[in-house]
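Enquirer: What follows is a single structure, and I will ask about it in a moment.
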Amino acid sequence: MDQTVVSIIIGAISLIVGALAGKFLFAKNTKKQVEDAEHQAQTILKEAELRAETVKKEKQLEAKERFVQLKSEHEKEVNERNRKVGEAENRIKQKEISINQKEAGLDKQAKENDVIKENLNRQIELVNLKRTELEKHQEEHIRRLEKIAGLSAEEAKSQLIESLKQEAHSQALGLQQDIIEEAKLKANKEARKIVIQSIQRTAAEVTIENTVTVFNLETDEIKGQIIGREGRNIRAIEAATGVDLIVDDTPEAIILSSFDPLRREIARLSLQRLVADGRIHPARIEEVVEKTRRQLEEQVMEIGERTVIEMGIHGLHKELVRIVGKMRFRSSYGQNLLMHSRETANLCGIMAAELGMNPKLAKRAGLLHDIGKVPDEETELSHALLGAKLAEKYGENPAVVNAIGAHHDEMEMQYVISPIIQACDAISGARPGARREIMQQYLQRIKDLENLAMAYQGVEKAYAIQAGRELRVIVEAEKVTDGDSDKLSFEIAQKIQTEMTYPGQIKVTVIREKRAVNVAR
């Protein structure tokens, strides 16, 4: 019994001790978990703070970079504005210098006029003195006549008047001749001065147009692609453009030969695109050449617009602007036609200003005076009359129309600016290095050769290549048969032989090609 109670007491004590121990262990573990959680929370906070600091620094750096960029752009804009302001100041200073020079010239002229007035006053005084002396002599002469001849006063007066009239007439004729000679001398001197000043104030380029263009290649391997199998590619290029391609031993270069600069430019741009694309075959060549021809028309318009803007000419008809741009690809006696027209226009403007006339109208006529040299269609009219016709068609001022038509004396000059245009055209064409007669004769012979072939029925295109040693004639397959091609080649060769003068021999090649095209849909 006692033993049982003791066991119960021991068990209760053990239970209590165990409960206390368990509670102690649980409290200890809970505290440790809390400490771990707090430690982990602190770690997360530190990492968050580090990340926040890093993000803050990154944003600050980005903000600094953006600030530096904006500052740089602002400085560039400020520098550009300063540059423009500086240029404007320079232009204003130049204008001030020009105005000061003109004022000095006017002062000098005013002084010269004062001297002339003084001389005139002296001459008037001298004339008055002579008149007084003459009156005295008249009275003395009348008295002598009355005394010696016994003439009446009326008779003596009539005789005296007649003698004085004859004397005054002879003196007036002499004085008139002196005045005319002096006026001619001054006019010639002033005219030479104005012409020389106009030439000196115009900067001109001494250039001669060539008939060849060099097309540079990266490697000589591209030459084989351009030539193609059995030369079909190069033949397709020549047929499409009318330009002779010379492929020789010149490293990394092909020569494009044609008397027409517009054709050479089309061929050069087409070759450039074909080489860059890498696909070179006859169909692709025709497509690229046609596309290039259209784009060059746009370029011609841009050149015309840029030219009239630079020359300060406004209100010009779009068709005349296109013709002006087309002059960039034409030459006159080896002189680039657009450069010649710009030079003539500048000379006309300066000369008209010196003579006190309208410089803008003169400059406009000078720029348009040779538009008849770039017609879209062949005509029997001379280039001066054709240019006047075009200018009148597109609403130009009658003075401009007359100046264009009369600059080679093919029309009567009806306005004051017409002789100015003629003189400035002669100045521009006659200066050293401007023109080359031999080149123009050669180009005319090439053009005559092509026109001769184009006169035959059924001929679609005609190209003179190899410096005029070969004439390639492309005919329409529907109108010309194979038999007619042989006959046409013979007839053209015979006509060239009888009507033209040329060195060496000319090969006539007639090309007839039939194409059947269908589309699979």
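The values are calculated or read from the model by the stated rules, or taken from the named source; none is laboratory data. Keep in mind that what you see is a predicted model, and the values were worked out from it rather than measured. Don't worry about glycine lacking a Cβ; one is built from the backbone with ideal geometry, like all the others, and counts go over all protein chains shown. With ligands, DNA and RNA removed, areas are computed over all heavy atoms of the protein, side chains included. Shrake-Rupley method; radii C 1.70, N 1.55, O 1.52, S 1.80 Å.
Enquirer: Considering only Gln60, Ile97, His141, whose Cα is most displaced toward the positive end of the charge dipole of the stretch 1-159, charges sitting on Cβ of Lys, Arg (+1) and Asp, Glu (-1)?
Expert: The residue sitting farthest along the positive end of the dipole is Gln60.
Enquirer: Rounded, prolate or oblate, given the Cα gyration tensor of the stretch 2-154, with a/c below 1.5 counting as rounded? Provide the component values of the computation, followed by the final result.
Expert: Values: a/c = 22.53, a/b = 13.50, b/c = 1.67.
Prolate, because a/c is 1.5 or more and a/b exceeds b/c.
Enquirer: I'd like the accessible area for Leu25, computed on protein heavy atoms only with a 1.4 Å probe and all protein chains in place. Round to 10 Å², please.
Expert: Probe radius 1.4 Å; accessible area of Leu25 about 100 Å².
Enquirer: Charges only on Cβ, +1 for Lys and Arg, -1 for Asp and Glu: so what's the dipole of the stretch 1-71 about the Cα centre, in debye to the nearest 20?
Expert: Numbers: 12 positive and 10 negative charges, 98 e Å.
The calculation lands at about 460 debye.
Enquirer: Compute the convex hull volume of the Cα atoms of the stretch 27-110, divide it by the residue count, and report the result per residue in Å³ as a whole number. List each step's numbers first, then the result.
Expert: On the way: hull volume 4.0 nm³, N = 84.
With only Cα atoms used, the stretch 27-110 gives 48 Å³ per residue.
Enquirer: Give me the one-decimal nm value for the distance between modelled label points at Val275 and Glu230, 7 Å along each residue's Cα-to-Cβ direction.
Expert: Result for the modelled spin labels: 2.7 nm.
Enquirer: For the stretch 220-270, give the magnitude of the charge dipole about the Cα centre (Cβ charges: +1 Lys/Arg, -1 Asp/Glu; no others), in debye to the nearest 20. Mind dumping the intermediate values first?
Expert: Numbers: 7 positive and 10 negative charges, 56 e Å.
In total the dipole reaches around 280 debye.
Enquirer: Scaled to the compact-protein estimate 2.2 N^0.38 Å, what is the alpha-carbon radius of gyration of the stretch 362-424, rounded to two decimal places?
Expert: Values: Rg = 10.4 Å, N = 63, 2.2 N^0.38 = 10.6 Å.
Ratio of Cα Rg to 2.2 N^0.38 Å: 0.98.
Enquirer: Over the stretch 1-148, what percent of the accessible surface lies on carbon and sulfur atoms, probe 1.4 Å? Walk me through the numbers before you get to the answer.
Expert: On the way: 8250 of 14140 Å².
Here carbon and sulfur together make up 58 percent of the probe-accessible area.
Enquirer: Further question on the same structure: Could you tell me the center-to-center distance, by alpha carbons, between the stretch 338-356 and the stretch 61-98 in angstrom?
Expert: Spelled out, the Cα-based centre of one part sits 36 Å from the other.
Enquirer: Measuring with a 1.4 Å probe in the full set of protein chains, what accessible area per residue, in whole Å², belongs to the stretch 56-110? Let's see the in-between values first.
Expert: Numbers: 5280 Å² over 55 residues.
Computed with neighbouring chains in place, this is 96 Å² per residue.
Enquirer: Which value, in Å² and to the nearest 10, is the accessible area of Tyr394 when all protein chains are kept and the probe is 1.4 Å?
Expert: Its heavy atoms expose roughly 50 Å² to the probe.
Enquirer: Report the FRET efficiency, 1/(1 + (r/R0)^6), for Ala426 and Arg294, where r is their Cβ-Cβ distance and R0 is 35 Å, rounded to 0.05. Spell out each step's value before the answer.
Expert: On the way: r = 38 Å, r/R0 = 1.09.
Once the sixth-power term is evaluated, E becomes 0.40.
Enquirer: Which sequence of His317, His137, His340 reflects their accessible areas, 1.4 Å probe, from the largest down? Display every interim value, and only then the final one.
Expert: Details: His317 80, His137 130, His340 0 Å².
In descending accessible area the options line up as His137, His317, His340.
Enquirer: Sticking with this one: Among Met357, Gly387, Val374, whose Cα lies farthest out toward the positive end of the dipole of the stretch 344-395, if unit charges sit on the beta carbon of Lys, Arg (+1) and Asp, Glu (-1)?
Expert: Working it through, the farthest residue towards the positive pole turns out to be Met357.
Enquirer: Any idea how far apart Ala283 and Lys393 come out in nm if each label point goes 7 Å out from Cα toward Cβ?
Expert: Output for this residue pair reads 3.9 nm.
Enquirer: Quick one: how many Å² of Phe24 are accessible to a 1.4 Å probe, rounded to 10?
Expert: Phe24 has an accessible surface of roughly 140 Å² with all protein chains in place.
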